[in-house]
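Asker: My structure is below; once you've seen it, I'll send some questions.
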Amino acid sequence: MAFTLEELMTSVGHSVQTACHAVDLQAALLFYQGFTTSDHGQDGVRKPVTWDLVLPTSSVPEGPEKRVRVPVAALMSHRPLLLHSVDVRIPLVPCENDGTPTYELAGENTSAHAGELSLHFVQGETPEGMARAVQTTTQIL
């Protein structure tokens, strides 16, 4: 199947965006699980699930300790899979279709005229909403 370079780049770019969106959505769902279920269904107020920890307050062994209640969400990684930078390499064979330059995916038995297309995608910063939610949840620490 022959395709233009524009069709290939559009398809790969869309696939990378879809994968990044799925990873971000999964991270948000994992973060959401760090809060209690509301008595009023989805519309009610949720509170952070917390763990009680005992932390030392000095470097002396057996020294004074302090009990701290820490939100589980503050202890979680908020980016379980980081797709900040994605490199895609595709082996191609140039061909022609009705006078238009097109390409086909190169297989194991392709000619010496095969080349490789290399695409590099870089993701931007964490969405403002997620960054603010994490900051508000963890500021008590």
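Asker: Taking the range 35-49 only, how many residues are open to solvent by less than 50 Å² (accessible area, probe 1.4 Å) and modelled with pLDDT under 85?
Answerer: 3
Asker: When the residues of the range 50-79 are narrowed to those that are open to solvent by less than 50 Å² (accessible area, probe 1.4 Å) and assigned to a loop (DSSP other than H, G, I, E, B), which ends up nearest to residue 31 (Cα to Cα)?
Answerer: Once the filter is applied, the top-ranked residue is 78.
Asker: While we're on this one: Name, by its number, the condition in (1) under 25 Å from the mean Cα position of the chain (by Cα); (2) in contact (Cβ under 8 Å) with a residue 40 or more places away in the chain that does not hold for residue 35.
Answerer: (2)
Asker: Criterion first (farther than 20 Å from residue 128 by Cα, open to solvent by less than 60 Å² (accessible area, probe 1.4 Å) and assigned to a helix (DSSP H, G or I)) does residue 23 satisfy it?
Answerer: no
The values are calculated or read from the model by the stated rules, or taken from the named source; none is laboratory data. Please read these numbers as outputs of a predicted model, since none were measured by experiment. Cβ: placed from backbone, ideal geometry, glycine included. Neighbour counts: every protein chain shown. The accessibility values were calculated without ligands, DNA or RNA, using every heavy atom of the protein model including side chains. Shrake-Rupley method; radii C 1.70, N 1.55, O 1.52, S 1.80 Å.
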